Amino acid sequence: MNKFIRGTGIIIVIMFISLYLSRFNIETYENKRLLTESAIIKYEQDLKEGKNILEKSYIPEEKNYNNKPSQIGRKVSNTIESSFKKALKILMKILNEMQ
């Protein structure tokens, strides 16, 4: 029984850590802005012509991916995250009582 609890706890911790760290990877990816090939050509052309250069003129607008499937995915993800947090708190409380 003790090995079962320990194994289950380790699996839950590993899953929680992997989900928690993947969140930072997604946020880092979303914050990157890349210039497209056409934006670079337009920038170089504007430089040659001596036009006023504004950053927002060359960065493409972000697409809005907010739709039903993504909202459902976010809700499921948040539910899983809160469930893991609750399960870990309960597990830690049980382990502390066993000592």
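Each of the peptides 47-57, 71-81 was scored by the mean count of other Cβ atoms within 10 Å over its residues; in descending order, highest first, they stand as 71-81, 47-57. Ordered by the number of other Cβ atoms lying within 10 Å of each residue's own Cβ, fewest first, GLU61, GLU44 fall into the sequence GLU61, GLU44.
Bear in mind that the values in this text are calculations on the coordinates, not laboratory data. This one's a predicted model, so the numbers in the text were calculated from it and none came from an experiment. Here Cβ is always computed from backbone atoms with ideal geometry, including for glycine, and neighbour counts include all displayed protein chains.
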